[in-house]
Amino acid sequence: MKILLAAVNAKYIHSNLAVYSLSAYAKTRGCPSDIAEYTVNQQPDEILADIYMRRPGILCISCYLWNITLVEQIVAEIPKILPGTEIWLGGPEVSFEAKEFLIRHPEVTGIMRGEGEETFASLAAVWTNCEGQGSVEEIDGITFRNRKGEIIENSSRSPMDLSRVPFVYSHIEDFKNRIIYYESSRGCPFSCSYCLSSIDKCLRFRDLELVKRELQFFIDHEVSQVKFVDRTFNCRHDHAMKIWNYIKDHDKGITNFHFEVAADLLNEEEIRLIRSMRPGLIQLEIGVQSANPQTIREIRRKMNLEQVRSAVFRIKEAGNVHQHLDLIAGLPYEDYESFARSFDQVYSMRPEQLQLGFLKVLKGSLMHEKAEEYGLLYQDRPPYEVLSTKWISYADVIRLKGVEDMVEVYYNSGQFRNTMEHLEEEFSSAFGMYEELAAYYNESGLAHMNHTRIARYEILDRFIGQIVQKDRSREEKQKAYREWLTLDLYLRDNVKNRPDFLGENKVSSDEAAAFYKREEDSREYLSGYQGYDRRQMRRMTHLERIGGELLLFDYLSRDPLTGNARICVIREKTGSENDEF
């Protein structure tokens, strides 16, 4: 019996740790299976055709928020083209209402609920007779149709020892140009009402010596990024410290490690270690979700906001770690004004990224159970996103969507950072700035359109002109803002097509030619350009006069966190001083 484990990922660069773990574990029991990965961007017919060509006797698909609609379309067609194939599903999107799902989808034979390695291996043993005994009826952790067509729900399965799960990346060449996901623990010690991780209270850790060997494998094979999927990586101090110390001590300057942490749990020893790491070695994702104390209590989250702020600032001060902070709109007791205050508090921490997300009402979560109490209305279709609550209207949700778009473009892109920091001074709050920018996009007919990067600069320039038009010194202010826009523009790329509002470069062609001729001889500012002549250096760098100073943008030497070019101030009088901007 041929078994196919299929994953439908959100993007091509993603890999599906679940199907690889299930397949690897079943293989240790002598039960082989094949793996196929697809993406939600593929047409259903394309996926169907590939599955058909593989001719599985058993088809197993992992189901998540982002792929369940496509999976339902696919499984509806499978019996028509492969009438003898059994269909089994697993994953968070089907685990918590398994019986109801099977009633709605008669073409599906069964569902593996919760943690899947032991369950899949036991099923595979029956399907392939690779252990020569047992039946589906005896397997824990499944809901299935028996031969009479009755839906049977077997007992839940006890959590397994995480160290028994095999390492799935031995053939790392199969994951070229893909994000590598890795787990050193399962379960979560917290009880956040919106999250499914809180359901698994059996917090387990993979053996540390095993973890170290596997991390060394990633380092030795120069994997670009490894994302830990541990729900709260630093919930156990000694575990976090040993892993962080190991990757610091064995770092080869290439691999980046991503961790989701609770910032208020970071102690002094951990912060000191983080601050000592190579820039870009790790990045941290920190879920703040809300700064409203009543909201935090209601969602059963434990968080000390001042400790979060202190940890974020201390890490940011070292300038070596990308920090990604999260907020969720639509939580109980959070109205529009309260969310604006939460936004401003988190924004003031100046993370490299601020994710403004919207509540997803997940099946199986406490939030789902309390939806009626909260007056919580949400989409019937995945991802079951909030529409309104007792505290926030749908109109407010729409306004926040506009703010989210502006934050993504003008903050999270990192392409307008200097301009936005100065522009914030024109408003009573950072939230108010993005709110007005979103309103400007709507009023100008610019929302919900794709714009080039240059167009974004031009729109921001027009918005700034509108903001400062009543100021007595508006011409001076507009000029200053255009210099900040110029700085931001060239920090990222040596743009050849300048926005019209910037005018001509104030550095003449003759002046630039003279500079690069001197630089070819002295290498005073561009010591890393050995082997390049003056013409090549001129193409690879940029000269711009901003604020009365001549600036050199060096694109070979970029900040490992922001991607910004190194800037040198050219001392034109002496021609001998070399300052970092």
Checklist entry - Which ones in region 134-150 are in contact with a helix residue (DSSP H, G or I) (Cβ under 8 Å, 6 or more places away or on another chain) and either surrounded by 17 or more Cβ atoms within 10 Å (Cβ to Cβ) or not acidic (Asp, Glu) (or both)? => result GLY134, SER135, VAL136, ILE139, GLY141, ILE142, THR143, PHE144, ARG145, ASN146
Checklist entry - Can you pull out the residues in region 485-521 that are part of a helix (DSSP H, G or I), within 40 Å of the chain's Cα centre (by Cα) and under 22 Å from ARG534 (Cβ atoms)? => result TYR490
Checklist entry - With region 359-431 as the region, which helices (runs of 4 or more DSSP H) entirely inside it contain at least 3 residues that are over 25 Å from ASN67 (Cα atoms), modelled with pLDDT of 95 or more and over 20 Å from the mean Cα position of the chain (by Cα)? => result 394-407, 417-423
Item to check | Positions within region 449-499 being closer than 18 Å to ASN412 by Cβ and touching a strand residue (DSSP E or B) at 6+ places or on another chain (Cβ under 7 Å), in sequence order | outcome: LEU491
Next on the checklist: Can you say whether PHE144 is among the aromatic types (Phe, Trp, Tyr), part of a helix (DSSP H, G or I) and under 14 Å from CYS60 (Cβ atoms), as far as the supplied structure shows?
Outcome noted: no
Item to check | Index of the failed condition, ASP461 passing every other in (1) out of contact with any Leu (no Cβ under 8 Å at 6 or more places or on another chain); (2) among the charged types (D, E, K, R); (3) modelled with pLDDT of 95 or more | outcome: (1)
Item to check | Which listed residue is over 34 Å from the mean Cα position of the chain (by Cα), outside the structural domain of LEU210 (by TED's automatic domain parsing), surrounded by 13 or more Cβ atoms within 10 Å (Cβ to Cβ) and not aliphatic (A, V, I, L, M), from TRP66, TRP127 | outcome: TRP127
Next on the checklist: Going residue by residue through region 171-187, is there one that turns out to be under 26 Å from VAL288 (Cβ atoms), touching a Gly at 6+ places or on another chain (Cβ under 8 Å) and not aromatic (Phe, Trp, Tyr)?
Outcome noted: no
Checklist entry - Looking at region 276-304, which of the residues that are out of contact with any Lys or Arg (no Cβ under 9 Å at 6 or more places or on another chain), crowded, with 18+ Cβ neighbours inside 10 Å and within 18 Å of ASP344 (Cα to Cα) is modelled with the lowest pLDDT? => result MET303
Item to check | Subset tally (residues that are among the β-branched types (Val, Ile, Thr), in contact with a helix residue (DSSP H, G or I) (Cβ under 9 Å, 6 or more places away or on another chain) and farther than 18 Å from SER23 by Cα) for region 151-193 | outcome: 2
Checklist entry - Any residue in region 162-172 that is closer than 21 Å to PHE120 by Cβ, free of Cβ contacts under 8 Å to residues at least 12 places away in the same chain and assigned to a helix (DSSP H, G or I)? => result no
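The values are calculated or read from the model by the stated rules, or taken from the named source; none is laboratory data. Owing to the predicted nature of the structure, the values given are computational and were not obtained by experimental measurement. Note: ideal-geometry Cβ built from the backbone for every residue, glycine included; neighbour counts use all protein chains shown.
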